[in-house]
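Engineer: Handing you a structure now.
The values are calculated or read from the model by the stated rules, or taken from the named source; none is laboratory data. Treat the numbers as computed from the prediction; the structure is a model and nothing was measured. Ideal geometry is used to build each Cβ from the backbone, glycine not excepted, and the neighbour counts take in all protein chains shown. Just the protein is used for accessible areas: all its heavy atoms, side chains included, with ligands, DNA and RNA removed. Shrake-Rupley method; radii C 1.70, N 1.55, O 1.52, S 1.80 Å.
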Amino acid sequence: MANRKKVIVTGFEPFGGHAVNSSWVAVQELERLGLGEAVDLHVCEVPVEYQAVKDLLPSLWKEHQPQLVVHVGVSGLATTVTLEQCGHNKGYKRLDNCSFCPASQCCMNSGPDCIHSVLDMETVCKTVNDSDLGVTLSVSKDAGRYLCDYTYYTSLYLGHGHSAFIHVPPLGKPYSSQELGRALQAAVQEMLKMLELDPEHNKHCNHEHQQQQHDHV
């Protein structure tokens, strides 16, 4: 099929207290489910390392030229599947799996403080919640100033806003890997519908953000 859409979905490797990272488990479940015949889905496990993210993301965007890149991470605080609306440039002080953090404590030296996804996460959230999936979605504007936020901002920057980030709770708190996989499938399919309905919607807004501290990846 010549006009198949390309979508990349990533999860993270284990880190800290997360011996199993539910984000990668959920992404593997999504790979098993697929996104339908019209979508060419690539999945990838991302190291919890700033430098690895900086090296990997440009090659993902350039090599595959995807319509959408969705990153998935675990949040020890989350009890819902959480759609992140924006990524932040500054405030990266927490050490990664290599005991490293950027000297500048930011993603892109010349980048705006905050980049919003072109996708309206509130609409995605409402549609999926109304679909009786059995998994609750919510929306956040603070991805936590660690590898999740760093990865999201970098991807939004490279993809001109055509990226999404989804935080999932740890496995069994309360959802199984199958439930998380179904939630990712429903959310990503909704995002693709949204991009299809409004292909010209490729401008992102940069807004100041209120800083909040969360224990996200």
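Engineer: Distance check, please: which entries in K62/K141; K6/K54; K54/K93 exceed 23 angstrom between their Cα atoms? Kindly include the intermediate steps, with their values, before the conclusion.
Structural biologist: On the way: K62/K141 27 Å; K6/K54 21 Å; K54/K93 16 Å.
Distance filter (> 23 Å) returns K62/K141.
Engineer: Accessible area per residue, 1.4 Å probe, Å², for the chain: what's the number? Can you show the working numbers first?
Structural biologist: Values: 9920 Å² over 217 residues.
Here the per-residue accessible area is 46 Å².
Engineer: Further, regarding this structure: With charges only on Cβ, +1 for K and R and -1 for D and E, what is the dipole size of region 60-180 about its Cα centre, in debye, rounded to 20? Could the numbers behind the result be given before it?
Structural biologist: On the way: 8 positive and 11 negative charges, 85 e Å.
Charge dipole, region 60-180, about its Cα centre: 400 debye, nearest 20.
Engineer: Could you please state how large a percent of the accessible area of region 1-120 is carbon and sulfur, counting protein chains only and using a 1.4 Å probe? Intermediate values should be presented prior to the final figure.
Structural biologist: Working: 2600 of 5320 Å².
Here it works out to 49 percent.
Engineer: Averaging the inverse of every distinct alpha carbon separation and then flipping it gives the Kirkwood radius. What is it for region 113-197, in angstrom units?
Structural biologist: Values: mean 1/r = 0.0730 Å⁻¹.
The answer is 13.7 Å.
Engineer: Of the candidates E122, E179, E37, which one comes out as most mobile in a Gaussian network treatment of the chain with C-alpha springs shorter than 10 Å?
Structural biologist: Taking springs between Cα atoms under 10 Å, the residue moving most is E37.
Engineer: Compute the relative contact order of region 43-146 as a whole-number percentage, counting only Cα pairs closer than 8 Å that sit 6 or more residues apart in sequence.
Structural biologist: 35
Engineer: Report the antiparallel proportion of the DSSP beta bridges in region 1-66 as a percent, rounded to a multiple of 5.
Structural biologist: Antiparallel bridges make up about 10 percent of those DSSP assigns within region 1-66.
Engineer: Same structure, new question: Treating only the Cβ atoms of Lys and Arg (+1) and Asp and Glu (-1) as charged, compute the dipole magnitude of the chain about its Cα centre; round to the nearest 20 debye.
Structural biologist: With Lys and Arg at +1 and Asp and Glu at -1, about 280 debye.
Engineer: Rank by packing, highest mean first: peptides 4-10, 185-191, 160-166, with packing defined as the count of other Cβ atoms within 10 Å averaged across residues.
Structural biologist: Details: 4-10: 19.9, 185-191: 21.9, 160-166: 24.0.
Peptide ranking by packing, descending: 160-166, 185-191, 4-10.
Engineer: C106 accessible area, nearest 10 Å², 1.4 Å probe?
Structural biologist: For C106, solvent-accessible area is about 20 Å².
Engineer: Please find, in a Gaussian network model of the chain (springs between Cα atoms separated by less than 10 Å), the residue of G17, G111, G73 whose mean-square fluctuation is greatest.
Structural biologist: Result: G17 has the largest fluctuation of those listed.
Engineer: Now a separate question. Dipole of region 45-176 (Lys/Arg Cβ +1, Asp/Glu Cβ -1, origin at the Cα centre): which of P58, L68, V124 lies farthest to the positive side?
Structural biologist: P58
Engineer: Can you tell which of P169, G144, T82 lies farthest toward the positive end of the dipole of the chain, using +1 and -1 charges on the Cβ of basic and acidic side chains (Lys, Arg; Asp, Glu)?
Structural biologist: The residue sitting farthest along the positive end of the dipole is G144.
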